[in-house]
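Heads up, the thing below is written out as structure tokens.
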Amino acid sequence: DDLKGNKGGRRSKRRAMARNTFITAMAAVLLIAMYYTHDTYKHLHQEEDGTLKLPFTNKSSDSSSTGKKESSSIDITKKVDSSSNENFLIEFTVAQLSGEPSEDTFVVKTKPEWSKQGAARFVELTKDKFWNDCRMFRVVKKFIVQWGISGDKSLNKKYKELPDEGVKTSNARGTVTYAMAGPGTRTHQMFVNFKNNKFLDSQGFAPIGEVVRGMDVVDRMYNGYGEKPDQGKIQNQGNTYLNSKFPKLSYIVKARVIDSL
């Protein structure tokens, strides 16, 4: 009987040890899951100035053309109709690519069928010369390049928030999308997707156009500073802050509507 009792006790201890091991393993799995969940959501945290801090994601293949041709400018003095289905080609001249003295261009084609008001606002910002001298202040490898804070404070305050229009297409490589702090907060900050960021679709980030020429130029935006530039300081101090602290940032020399590639 004593022997049987000892065997029963050993079995009980083994079961207890197995149970404890299982609980410990499950706790470890839960902690790991919580860590990665936190890591994902911390990138979705809204920064103090209201701009959404977008998360990192996977890569995809290049879907845009990189061929270059001379193009002529056209007059867009009339206000852009937000209900229009017209596609516009907007050529950006950018400087200091890869942090070196250089200059090149890329072209964005607006897609009102994806976002009418968003596409119209993009053209209006171009017409207003809003993009001129804007720094590409947030360049994250294999993710996005973001810009859209003017050195002119009055311009930053001029544009009201746009209502959401739904996500009609995915955030694929080369698509152009508004950065935002949540629903109904699109204004004038934009980003180009370096990779296929499909997971942003469910977050409400709706592309309004795509790079149709010069994606290789977009790829050369200086990324040495990552996410270090402070958006609040950019809005308060403008390019004075960026030029002194982040002198190698690529920037937009000018942007214009063109009639053909």
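What is the extension gain from K142 to Q203, computed as 0.36 nm multiplied by their sequence separation minus the C-alpha to C-alpha distance, in nm to one decimal?
Separation in residues times 0.36 nm, less the Cα-Cα distance, equals 20.1 nm.
Please turn the phi angles of region 194-203 into ³J(HN,Hα) values with the Karplus equation 6.51 cos²θ - 1.76 cosθ + 1.60 (θ = phi - 60°), one per residue in order, whole Hz, x for glycine and proline.
6, 10, 6, 9, 4, 5, 6, 4, 5, 8
As a test of reading the structure, rank Y251, Y225, Y178 by solvent-accessible area (1.4 Å probe, protein chains only), most first.
From most exposed to least exposed: Y251, Y225, Y178.
Accessible area per residue for region 115-182 in Å², computed with a 1.4 Å probe and the full protein assembly in place, what is it?
Dividing the accessible area of region 115-182 by its residue count gives 37 Å².
Which value, in Å² rounded to 10, gives the accessible area of I23 with a 1.4 Å probe and all protein chains present?
90
Pairs on different chains or at least eight residues apart, Cα atoms closer than 24 Å: how many lysine pairs in region 139-250 fit?
29
Determine, from the Cβ-Cβ distance of A27 and K228 and an R0 of 45 Å, the FRET efficiency 1/(1 + (r/R0)^6), rounded to the nearest 0.05.
Result of the calculation: an efficiency of 0.80.
Find the eigenvalues of the gyration tensor of the Cα atoms of region 136-175, then list the square roots of 5 times those eigenvalues as equivalent ellipsoid semi-axes, largest first, in whole angstrom. Present the calculation step by step, with values, prior to reporting the outcome.
On the way: eigenvalues 110, 71, 6 Å².
Equivalent ellipsoid of region 136-175: 23, 19, 5 Å, largest first.
The values are calculated or read from the model by the stated rules, or taken from the named source; none is laboratory data. Note that the structure is predicted; figures quoted are calculated from it, not measured. All Cβ positions, even for glycine, are placed from backbone atoms using ideal geometry, and neighbour counts span all protein chains on display. The area values use the complete protein model at the heavy-atom level, side chains included, leaving out ligands, DNA and RNA. Shrake-Rupley method; radii C 1.70, N 1.55, O 1.52, S 1.80 Å.
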